[in-house]
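The block underneath contains the structure these notes are about, expressed in structure tokens.
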């Protein structure tokens with residue numbers, strides 16, 4: 001009734017009026033007297049939620065199952081777009097930079113999202129009250145009053161490029177995972193995801209889709225939306241199985257489906273014919289730890305999903321070397337008519353050089369960088385239906401590996417990139433500060449340290465943009481070897497725009513904080529400006545000090561006490577010039 005009379009009916013009423021609906025039904029740990037997939041089945045855009053890391057529920061594991069539920073609905077029922085209330089926060093007010101947000105955003109993408117609905121952007125009726133109004137204690141406080149609002153485009157470009165790419169083609173999954181009829185996905189798997197082997201991925205399926213959407217063709221389980229799966233896996237929770245579901249599984253297996261999972265032990269329905277139920281279950285399942293053939297298909301009991309896939313000669317879709325024991329990558333595979341693309345995410349805050357193996361062969365390989373839009377060639381080799389690709393991943397990096405054009409060239413090895421440090425940019429800097437934020441107009445500094453270490457309270461508690469400027473001398477030797485010239489800022493809190501000789505080289509917001517200055521740096525004298533923007537936290541703490549007569553900031557509730565820790569801000573390490581070949 002909840003699904004049909006509320007959610008489905010709402011879709012009908014809205015469509016009659018030329019409108020569509022998103023449905024974020026139950027997030028995580030919330031009571032819902034309906035099946036989560038079922039209430040989203042007619043949503044134009046099924047929707048989940050993900051809280052920001054470091055806040056309630058924001059561990060990147062609690063809510064990813066909610067997004068995967070919505071993604072499974074989109075894949076099976078054919079909506080394609082998957083949205084989520086994204087980057088929600090409670091606590092750590094105004095303490096979120098793009099670099100801090102990225103691991104959470106990437107976890108959403110890894111879980112199947114391809115449309116961000118950012119929480120929250122509260123209307124700001126007054127542009128002289130900063131940071132302004134909020135939704136009580138909840139954020140991410142994503143408004144035009146954020147300190148880094150003017151630099152936000154480089155961040156939103158990353159989100160939009162990633163989303164656009166992951167809207168292309170069809171999601172690739174080997175497993176369709178049935179979880180039963182009496183619990184929601186989020187209650188079953190909110191703390192621990194299903195035991196699906198690494199290198200394979202899956203969609204969830206509920207009873208509604210199992211009964212009304214799934215069929216079998218050429219030994220694979222398919223949907224009208226174009227999805228195809230190798231194996232139907234049954235969760236232990238499905239051991240209480242209604243007769244109609246058992247009959248549908250029997251139909252699928254006889255048509256050629258491969259099923260793996262425990263033998264059902266009973267039906268939860270008071271109206272099912274128990275004799276009929278036992279007949280169909282005993283026909284399908286043999287004794288424990290057996291493989292039983294029925295019609296054109298098979299049912300595996302007492303075997304892991306991994307062993308069944310191995311028995312079917314289904315190789316992992318994605319594998320990678322592990323330079324360190326805790327190296328962790330996540331991936332998404334999308335299949336287009338003539339191309340294949342994989343999104344690969346480094347879950348560690350360190351550089352990783354790995355060799356990844358993809359279940360694709362006979363294609364050229366390119367690396368697409370969603371942070372910058374840059375496309376580059378890759379070193380690869382293919383054989384036996386799979387391709388090995390060398391990947392250099394920066395800390396918390398994410399790239400698209402695009403298998404593009406047909407080729408008979410089975411290997412391509414590119415020369416290694418060589419970086420050479422040409423100079424450290426040392427000596428005095430002029431540091432000027434954004435007006436009306438409590439800091440002096442400018443100061444001279446002889447060492448790059450956090451603004452919070454400055455004895456001037458206006459600098460110590462400053463929030464906004466500070467501009468470092470100086471003239472640097474570029475010797476002719478920098479330009480002799482025809483390599484690229486890069487400027488590496490080192491450690492930055494939190495975003496920086498680099499301007500050389502009056503030309504902006506862009507905004508950088510995560511490690512490595514570096515820009516390509518090739519063709520802009522000239523032999524001789526060059527002007528260098530680095531505009532660094534930090535967060536509101538320090539100024540909010542400064543305004544909480546006892547001796548403050550006139551506050552610079554305005555919020556609708558207090559967020560920080562006077563003794564709260566300040567956040568490092570500014571350029572924190574030596575700026576260097578690099579030659580890259």
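The values are calculated or read from the model by the stated rules, or taken from the named source; none is laboratory data. Please read these numbers as outputs of a predicted model, since none were measured by experiment. Every residue, glycine among them, receives a Cβ derived from its backbone with ideal geometry; neighbour counts consider all protein chains shown.
Could you tell me whether any residue of segment 397-408 is surrounded by 12 or more Cβ atoms within 10 Å (Cβ to Cβ), closer than 29 Å to residue 538 by Cα and at pLDDT 95 or above?
yes
Tell me which of these residue 414 doesn't satisfy, since it passes every other one: (1) free of Cβ contacts under 8 Å to residues at least 60 places away in the same chain; (2) within 36 Å of the chain's Cα centre (by Cα); (3) surrounded by 12 or more Cβ atoms within 10 Å (Cβ to Cβ).
Status for residue 414: all satisfied but (3).
Looking only at residues that are touching a helix residue (DSSP H, G or I) at 6+ places or on another chain (Cβ under 6 Å) and part of a loop (DSSP other than H, G, I, E, B) in segment 252-287, which one is nearest to residue 195 (Cα to Cα)?
Applying the filter and picking the extreme gives 262.
For (1) in a strand (DSSP E or B); (2) in contact (Cβ under 8 Å) with a residue 60 or more places away in the chain, each residue gets a yes or a no:
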residue	(1), (2)
204	yes, yes
226	no, yes
237	no, no
245	no, yes
250	no, no
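Tell me, please, whether a residue that is over 28 Å from the mean Cα position of the chain (by Cα) and under 21 Å from residue 170 (Cβ atoms) can be found in segment 316-332. Spell out how you get there, then give the answer.
Keep residues of segment 316-332 that are over 28 Å from the mean Cα position of the chain (by Cα), which gives none.
The answer is no, given that none of the residues of segment 316-332 is over 28 Å from the mean Cα position of the chain (by Cα) and under 21 Å from residue 170 (Cβ atoms).
Out of 81, 87, which single residue is under 22 Å from the mean Cα position of the chain (by Cα), more than 17 Å from residue 207 (Cβ to Cβ), in a loop (DSSP other than H, G, I, E, B) and in contact (Cβ under 8 Å) with a residue 12 or more places away in the chain?
Answer to the selection: 81.
For residues that are within 17 Å of residue 109 (Cβ to Cβ) and not in a loop (DSSP other than H, G, I, E, B), tally how many sit in segment 316-334.
7
Sort out which residues of segment 493-502 are part of a loop (DSSP other than H, G, I, E, B) and within 23 Å of the chain's Cα centre (by Cα), and write them in order of number. So that I can check it myself, show each step before the final result.
Keep residues of segment 493-502 that are part of a loop (DSSP other than H, G, I, E, B), which gives 494, 501-502.
Listed by number, the list holds a single entry, 494.
Scan 505, 521, 485 and give me the residue that is crowded, with 17+ Cβ neighbours inside 10 Å, without any contact (Cβ under 8 Å) to a residue 40 or more places away in the chain and on the phi < 0 side of the Ramachandran plot. Don't jump to the end; show me each part of the working.
On the way: 521 fails: without any contact (Cβ under 8 Å) to a residue 40 or more places away in the chain; 485 fails: without any contact (Cβ under 8 Å) to a residue 40 or more places away in the chain.
Only one candidate passes the filter, namely 505.
Results for (1) at pLDDT 95 or above; (2) under 16 Å from residue 175 (Cα atoms); (3) surrounded by fewer than 16 Cβ atoms within 10 Å (Cβ to Cβ), shown as yes or no for each residue.
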residue: 228; (1), (2), (3): yes, yes, no
residue: 236; (1), (2), (3): yes, yes, yes
residue: 249; (1), (2), (3): yes, yes, no
residue: 261; (1), (2), (3): yes, yes, no
residue: 272; (1), (2), (3): yes, no, no
residue: 288; (1), (2), (3): no, no, yes
residue: 292; (1), (2), (3): no, no, no
residue: 299; (1), (2), (3): yes, yes, no
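Considering 458, 373, which residue is closer than 25 Å to residue 532 by Cα and assigned by TED's automatic domain parsing to the domain that holds residue 527? Lay out the reasoning, then the answer.
On the way: 373 fails: assigned by TED's automatic domain parsing to the domain that holds residue 527.
Being closer than 25 Å to residue 532 by Cα and assigned by TED's automatic domain parsing to the domain that holds residue 527 holds for just one of 458, 373, which is 458.
Return the residues of segment 524-538 that are surrounded by fewer than 21 Cβ atoms within 10 Å (Cβ to Cβ) and either within 32 Å of the chain's Cα centre (by Cα) or closer than 23 Å to residue 452 by Cβ (or both); say none if nothing qualifies.
529, 531 - these are the residues of segment 524-538 that are surrounded by fewer than 21 Cβ atoms within 10 Å (Cβ to Cβ) and either within 32 Å of the chain's Cα centre (by Cα) or closer than 23 Å to residue 452 by Cβ (or both).
Scan segment 119-140 and tell me whether some residue there is surrounded by fewer than 16 Cβ atoms within 10 Å (Cβ to Cβ) and either outside the structural domain of residue 47 (by TED's automatic domain parsing) or not in a loop (DSSP other than H, G, I, E, B) (or both).
Taking every residue of segment 119-140 in turn, at least one turns out to be surrounded by fewer than 16 Cβ atoms within 10 Å (Cβ to Cβ) and either outside the structural domain of residue 47 (by TED's automatic domain parsing) or not in a loop (DSSP other than H, G, I, E, B) (or both).
Kindly state which strands (runs of 3 or more DSSP E) lie completely within segment 442-492 and contain at least 2 residues that are over 38 Å from the mean Cα position of the chain (by Cα) and farther than 18 Å from residue 505 by Cα. Please lay out each step first, then the result.
Values: elements: 442-445, 465-474, 484-488.
It comes to 442-445.
If residue 339 satisfies all but one of (1) surrounded by 15 or more Cβ atoms within 10 Å (Cβ to Cβ); (2) touching a helix residue (DSSP H, G or I) at 6+ places or on another chain (Cβ under 9 Å); (3) on the phi < 0 side of the Ramachandran plot, what's the number of the condition it fails?
(2)
When segment 1-50 is examined, which residues are found to be touching a residue at least 40 places away in the same chain (Cβ under 8 Å), crowded, with 18+ Cβ neighbours inside 10 Å and part of a loop (DSSP other than H, G, I, E, B)?
Of everything in segment 1-50, those that are touching a residue at least 40 places away in the same chain (Cβ under 8 Å), crowded, with 18+ Cβ neighbours inside 10 Å and part of a loop (DSSP other than H, G, I, E, B) turn out to be 26, 27, 28, 35, 41.
Considering segment 532-581 alone, what residues qualify as being farther than 24 Å from residue 152 by Cα and assigned to a strand (DSSP E or B)?
576, 577, 578, 579, 580, listed by residue number.
Determine whether segment 26-45 contains at least one residue that is farther than 30 Å from residue 568 by Cα, at pLDDT below 90 and touching a strand residue (DSSP E or B) at 6+ places or on another chain (Cβ under 6 Å).
Taking every residue of segment 26-45 in turn, at least one turns out to be farther than 30 Å from residue 568 by Cα, at pLDDT below 90 and touching a strand residue (DSSP E or B) at 6+ places or on another chain (Cβ under 6 Å).
Looking at segment 166-178, is at least one residue surrounded by fewer than 16 Cβ atoms within 10 Å (Cβ to Cβ), out of contact with any strand residue (DSSP E or B) (no Cβ under 9 Å at 6 or more places or on another chain) and modelled with pLDDT of 95 or more? Walk me through how you get there before you give the answer.
Of segment 166-178, the ones surrounded by fewer than 16 Cβ atoms within 10 Å (Cβ to Cβ) are 167-168.
Then keep just the ones that are out of contact with any strand residue (DSSP E or B) (no Cβ under 9 Å at 6 or more places or on another chain); that gives none.
Looking for residues that are surrounded by fewer than 16 Cβ atoms within 10 Å (Cβ to Cβ), out of contact with any strand residue (DSSP E or B) (no Cβ under 9 Å at 6 or more places or on another chain) and modelled with pLDDT of 95 or more, one finds none in segment 166-178, hence no.
Mind telling me which of the residues 67, 76 ends up being more than 19 Å from residue 191 (Cβ to Cβ), in contact with a helix residue (DSSP H, G or I) (Cβ under 9 Å, 6 or more places away or on another chain) and buried (at least 24 other Cβ atoms within 10 Å of the Cβ)? Break it down into steps so the answer makes sense when it comes.
Numbers: 67 fails: more than 19 Å from residue 191 (Cβ to Cβ).
Matching residue, one of 67, 76: 76.
In segment 95-117, what residues are over 26 Å from residue 341 (Cα atoms) and surrounded by fewer than 24 Cβ atoms within 10 Å (Cβ to Cβ)?
95, 97, 100
Name every residue in segment 357-402 that is within 29 Å of residue 513 (Cα to Cα) and in a loop (DSSP other than H, G, I, E, B), in order of residue number.
369, 370, 371, 372, 373, 374, 378, 379, 394, 395, 396, 397
Any residue in segment 299-315 that is closer than 30 Å to residue 368 by Cα and part of a loop (DSSP other than H, G, I, E, B)? So that I can check it myself, show each step before the final result.
Initial filter on segment 299-315 (closer than 30 Å to residue 368 by Cα): 314-315.
Narrowing further to those that are part of a loop (DSSP other than H, G, I, E, B): 314-315.
Yes, because at least one residue in segment 299-315 is closer than 30 Å to residue 368 by Cα and part of a loop (DSSP other than H, G, I, E, B).
Scan (1) surrounded by fewer than 19 Cβ atoms within 10 Å (Cβ to Cβ); (2) in contact with a strand residue (DSSP E or B) (Cβ under 8 Å, 6 or more places away or on another chain); (3) more than 20 Å from residue 332 (Cβ to Cβ) for the single condition residue 448 breaks and write down its number.
(1) is the only condition that residue 448 fails.
Just to be sure, is residue 359 in contact with a strand residue (DSSP E or B) (Cβ under 8 Å, 6 or more places away or on another chain), within 26 Å of residue 257 (Cβ to Cβ) and surrounded by 15 or more Cβ atoms within 10 Å (Cβ to Cβ)? So that I can check it myself, show each step before the final result.
Working: in contact with a strand residue (DSSP E or B) (Cβ under 8 Å, 6 or more places away or on another chain): yes; within 26 Å of residue 257 (Cβ to Cβ): yes; surrounded by 15 or more Cβ atoms within 10 Å (Cβ to Cβ): yes.
For residue 359, the condition - in contact with a strand residue (DSSP E or B) (Cβ under 8 Å, 6 or more places away or on another chain), within 26 Å of residue 257 (Cβ to Cβ) and surrounded by 15 or more Cβ atoms within 10 Å (Cβ to Cβ) - is met.
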